[in-house]
Amino acid sequence: MVRRLEHLEEIFAGIRGTVRAVDRSALGSEEPGYPRSPFTTLISCLLSLRTKDEVTAVASRKLLSRYPTPEKLAEVSEEEICGLIYPVGFYKTKAKRIREISRTLLEKYHGQVPRDFDELLSLNGVGRKTANIVMVFGFHAHGYLPIDSHCHEISNRLGWVRTKSPEETEEALKKVLPEEYWDEFNELFVRFGQIVCVPVSPFCSRCPVSTYCPRVGVTHHR
């Protein structure tokens, strides 16, 4: 028998309200400065890996406002891409990978990002988190659950899962979290993990869902 998570409506309402109150742009109202598409979603997500959000936003805007399609990016030199995306983490590796993926899309997929999850995973450098984000935010598809470190950590603190990696969390959450919550889960929990349920010493004193949270694994909090 599948375990039923309690107080989901209250928890999501509390997190949703906090996120909106702190930053009205957190739920997608802020324009990124480049065309929204499955391709720009893919490239922006690749840039975000092991990089702070504010650095990713600037790098994505600089690169994708100039080169928002695989046709344009495939012709750009790695050196120019490096200059546009620096100082994202591993920027040289990412520049090479972005160019390679752009060419692969042109050669194998007629310049389109594949709308198949397994095909996305076949692209060099694309893992489950990136593929899920492209499906949800690029294609607006349902039935996918992107999990990053914030989503993983908060789900464990709430006692929803007991997992050691985002990949394990994705698999475990899909068994207990009703699908009606999947579409907004990543965006809400990532932002909430940035402003309240931060990785080190979370702000439990101002958490809207502290009543429902057992604080699993939390040793210090504010």
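Things to note:
- Considering residues of the range 116-138 that are under 19 Å from Thr104 (Cα atoms) and among the hydrophobic types (A, V, I, L, M, F, W, C) only, the residue most open to solvent (accessible area, probe 1.4 Å): Leu121
- The single condition among (1) surrounded by fewer than 19 Cβ atoms within 10 Å (Cβ to Cβ); (2) among the aromatic types (Phe, Trp, Tyr); (3) in contact with a helix residue (DSSP H, G or I) (Cβ under 7 Å, 6 or more places away or on another chain) that Phe203 does not satisfy is (3).
- All conditions in (1) touching a helix residue (DSSP H, G or I) at 6+ places or on another chain (Cβ under 7 Å); (2) surrounded by fewer than 16 Cβ atoms within 10 Å (Cβ to Cβ); (3) among the basic types (Lys, Arg); (4) within 21 Å of Ser149 (Cβ to Cβ) hold for Arg20, with the sole exception of (4).
- Reported count of residues in the range 76-100, each being under 14 Å from Leu46 (Cβ atoms), in a loop (DSSP other than H, G, I, E, B) and open to solvent by 70 Å² or more (accessible area, probe 1.4 Å), is 1.
- Neighbours by Cβ (under 6 Å, 6+ apart or cross-chain): first from the range 52-72, under 13 Å from Pro35 (Cα atoms); second of a type in the set (Val, Ile, Thr) and buried (at least 17 other Cβ atoms within 10 Å of the Cβ): Leu63/Ile85; Leu64/Thr40; Tyr67/Val76; Pro68/Thr40
- Residue within the range 154-169 that is closer than 20 Å to Glu54 by Cβ, within 12 Å of the chain's Cα centre (by Cα) and surrounded by 16 or more Cβ atoms within 10 Å (Cβ to Cβ) present: no
The values are calculated or read from the model by the stated rules, or taken from the named source; none is laboratory data. Fair warning: this is a prediction, and the values are worked out from it, not measured in the lab. Cβ: placed from backbone, ideal geometry, glycine included. Neighbour counts: every protein chain shown. Surface accessibility is based on the protein's heavy atoms, side chains included, excluding ligands, DNA and RNA. Shrake-Rupley method; radii C 1.70, N 1.55, O 1.52, S 1.80 Å.
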